Amino acid sequence: MNLYAIQSIYRFEMERTWRTIIQSIASPVISTSLYFVVFGSAIGGRMAQIDGVSYGAFIVPGLIMLSVLTESISNASFGIYMPKWSGTIYELLSAPVSPLETVIGYVGAAASKSVILGVIILATARVFVPFEIVHPFWMIGFLVLTSVTFCLFGFIIGVWADGWEKMQIVPMMIVTPLTFLGGSFYSIDMLPPLWRQITLFNPVVYLVSGFRWSFYGISDVGVGLSLGMTFVFMLACLAAITWIFRTGYRLKV
């Protein structure tokens, strides 16, 4: 294992974050804060509690997950796409750096950014609404697992994309709508039976539900099922990345 190579990629990606801190950190934190102001304070005060939790506190896990999912994909896809776009990825592929070390460096840096962002948003949420974390260790575990999984997914998108527009299609047209429809702002138990069954095909439901359980001990689906679905998606992403490096798909051509 070439730890020096991993460290070099990791440090380069993290330093790029600090150079663009307004775009990488400040912008998503401000956007999420507006959600807390509108939904948590303005609307939440006029809504009844959900499963014994105030509405403002209820949406905290969902809003954190919304930011983490979108930023994980964006950070990881941009991290690998930029070397492709500038041509430096050929230098990386010709250097004594294995595919595993490459993925660890890029995905590790992107996941670190997402975890930092999630923690900052969590601290910011305390300014707007009071809440408690019943299972703090599980909360950290879900946050890290989700960040790593969707950074792997973002890495795949960055390799697949052959233009800036394609990098934005999946986060904006697929992931964000699925997150809004995945119980971020409501419990799926509030839906009619038919729509509740349809919603269960949305993979984001399991992420939001498991993360919310770590806060308040309540969930729309079983915690074990949430973990299982996340691990399955992560394994699928790992399999896709293995195939990409084995075939050189859009890396060497």
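Per-residue Karplus couplings for region 111-121, computed as 6.51 cos²θ - 1.76 cosθ + 1.60 with θ equal to phi - 60°, are listed in order as 5, 4, 4, 5, 5, 4, 4, x, 5, 5, 5 Hz, Gly and Pro entered as x.
Taken over the alpha carbons of region 109-181 as equal point scatterers, the Debye sum produces base-10 log I(q)/I(0) values at 0.13, 0.15, 0.23, 0.27 Å⁻¹ of -0.51, -0.66, -1.15, -1.25.
Going from the fewest other Cβ atoms within 10 Å to the most, the residues PHE78, PHE211 appear in the order PHE78, PHE211.
Can you give the local net charge around THR17? Use residues other than it whose beta-carbon is closer than 15 angstrom to its beta-carbon, Lys and Arg +1, Asp and Glu -1. So the environment of THR17 carries a net charge of +1.
Which net charge results for the neighbourhood of VAL53, defined as the other residues with beta-carbon distances under 14 angstrom from its beta-carbon, given Lys and Arg at +1 and Asp and Glu at -1?
That sum, taken over residues with Cβ under 14 Å, equals -3.
In order along region 64-75, phi translates into HN-Hα couplings of 4, 5, 4, 5, 5, 4, 5, 6, 4, 5, 5, 5 Hz, rounded to whole numbers, per the Karplus curve 6.51 cos²θ - 1.76 cosθ + 1.60 with θ = phi - 60° and x for Gly and Pro.
Once the C-beta distance of ILE116 and PHE12 is scaled by a Förster radius of 25 Å, the resulting FRET efficiency is 0.90 to the nearest 0.05. Counting every alpha-carbon pair across region 67-206, the share separated by more than 25 Å comes to 38%.
Projected onto their three principal axes, the Cα atoms of region 165-253 cover extents of 50, 29, 24 Å, largest first. If R0 is 41 Å, the Cβ-Cβ spacing of LEU34 and LEU227 corresponds to a FRET efficiency of close to 0.85. Only Cα pairs under 8 Å and 6+ residues apart enter the sum, and on that basis the relative contact order of the chain stands at 26 percent. The helix-only estimate of mean residue ellipticity at 222 nm for the chain, built from DSSP H runs of length n ≥ 4 each weighted as -39500 (n - 2.57), is -22500 deg cm²/dmol after division by the residue total. Looking at region 3-247, the pairs of alpha carbons with a distance over 27 Å make up 36% of the total.
What the phi angles of region 186-197 give under the Karplus curve with 6.51, -1.76 and 1.60, with θ = phi - 60°, is a coupling list of 7, 8, 5, 5, 7, 7, x, x, 4, 5, 5, 5 Hz, glycine and proline written as x.
In the chain, a dipole from Cβ-located charges (positive for Lys and Arg, negative for Asp and Glu) runs towards its positive end, and of GLY210, ALA111, THR179 it is ALA111 whose Cα lies farthest in that direction.
Selection among MET234, TRP85, LEU152 by position relative to the dipole of the chain gives TRP85 as farthest towards the positive end (Cβ unit charges, Cα centre).
The residues packed around ILE218, meaning those with a beta-carbon under 14 Å from its beta-carbon, carry a net charge of -3 if Lys and Arg are +1 and Asp and Glu are -1.
Exposed loop sites here are trypsin sites (Lys or Arg not before Pro) assigned a DSSP state other than H, G, I, E or B and surrounded by at most 15 other beta carbons within 10 Å; excluding them, the longest clear run of the chain is 1-249. Each of ILE140 and ARG246 was given a label point 7 Å from its Cα along the Cα-to-Cβ line. The distance between the two points is 3.6 nm. The H on the amide N of ILE50, modeled in the peptide plane, is under 5 Å from the matching H of TYR55, each at least 5 residues off or on a different chain.
Since every read-out is calculated from the coordinates, none of them should be taken as a lab result. Since the model is a prediction, treat every value here as computed from it, not as a measurement. Virtual Cβ from ideal backbone geometry, glycine too; neighbours counted across all protein chains shown.
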